[in-house]
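Structure first, commentary second.
The values are calculated or read from the model by the stated rules, or taken from the named source; none is laboratory data. Fair warning: this is a prediction, and the values are worked out from it, not measured in the lab. Positions of Cβ are generated from backbone atoms using ideal geometry, with glycine treated the same way; all protein chains shown enter the neighbour counts.
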Amino acid sequence: MRWTGGRGGGNIEDRRGMGAGAIGGVGAGGIVLALIGYFVFGIDPSTTMSVVGGAPVEQQEGVRGGPADEAGRFVDVVSGSVDAVWTQEFAKSGQTYRPPAAIVLYDQATGTGCGTGQAAMGPFYCPTDSKVYLDLTFWQELETKFGAGGEAARAYVIAHEIGHHVQTLTGASESSRRQGARGADSGAVRLELQADCYAGVWVAHAPAVSGGQVSLDPKDIEDGLRAAAAVGDDTIQRKTQGRVAPDSFTHGSAEQRMRWFRTGVQSGDPAACDTFRAPRL
């Protein structure tokens with residue numbers, strides 16, 4: 001994946017090394033439920049936290065700007081590229097794109113607008129504070145537990161989470177809540193598949209928007225597809241509980257996640273990502 005010459009967006013809030021900060025808003029039992037929800041059912045932790053009583057948790061703000069280390073700079077460049085693509089796409093329809101409030105890098109645990117964020121939840125977007133939260137140790141988890149390593153797989157994750165921010169701006173997130181949180185045809189699944197498609201839209205436009213400084217070649221796209229498959233509900237359920245239960249799906253199957261990501265890559269058109277009107281998921 002090409003990215004080292006890319007310009008960072010500078011929208012990073014670096015809390016690494018700050019410790020867990022003020023942990024409150026949800027008890028240990030709630031955190032356990034959130035972790036079970038993520039690893040067994042693939043549930044967005046912000047959704048689980050809201051169910052178990054998560055509340056905004058105060059946290060000292062980290063260092064803002066572009067990190068100097070390579071891992072932090074990668075997130076900065078990719079997220080900046082994703083924001084640049086969505087700025088362009090919104091402008092095409094006469095709208096103004098507002099980037100996430102920050103991409104927060106943290107260690108182990110941190111306060112969020114959705115409750116206490118835990119590294120074991122994986123990356124997530126909190127609509128309450130409009131921030132994406134990422135503990136970089138997830139990259140190792142993605143490779144060792146899910147078999148999806150490499151920079152392109154990591155970039156897919158970042159683009160997917162910012163896709164959730166786009167959905168908050170367009171109102172899709174609110175619409176999904178009226179269609180249910182679980183099940184193969186639920187609003188939650190449609191929301192996640194749309195975010196996968198949005199990640200593909202970023203891949204399609206990244207080279208042009210960055211002047212060729214950020215781009216993914218065909219092999220990189222395959223790595224992204226592998227990451228999408230690795231976090232499919234059926235894949236996770238087979239690994240964790242030995243069976244697949246479509247009624248508890250929250251993110252979509254491996255096949256669906258790959259197909260919608262590919263739709264975004266091939267079309268480059270956010271309108272092609274309308275999973276809420278799609279006759280077939």
**OP:** Residues being farther than 19 Å from Phe276 by Cα and of a type in the set (Asp, Glu): count how many of those fall in region 234-253.
**Re:** 1
Original post:
Of all the helices (runs of 4 or more DSSP H) wholly in region 21-122, which have at least 2 residues that are at pLDDT 95 or above?
Top reply: 70-92
Subject >> Ser130 being out of contact with any helix residue (DSSP H, G or I) (no Cβ under 6 Å at 6 or more places or on another chain) and either at pLDDT below 90 or buried (at least 24 other Cβ atoms within 10 Å of the Cβ) (or both) >> reply: no
Subject >> Breaking point among (1) touching a residue at least 60 places away in the same chain (Cβ under 8 Å); (2) in contact with a helix residue (DSSP H, G or I) (Cβ under 6 Å, 6 or more places away or on another chain), for Pro246 >> reply: (2)
Subject >> helices (runs of 4 or more DSSP H) (entirely within region 175-255) containing at least 3 residues that are modelled with pLDDT of 95 or more and surrounded by 17 or more Cβ atoms within 10 Å (Cβ to Cβ) >> reply: 187-209
**OP:** Considering only region 85-100, state which residues are in contact with a Ser or Thr (Cβ under 7 Å, 6 or more places away or on another chain) and closer than 19 Å to Gly66 by Cβ.
**Re:** Pro100
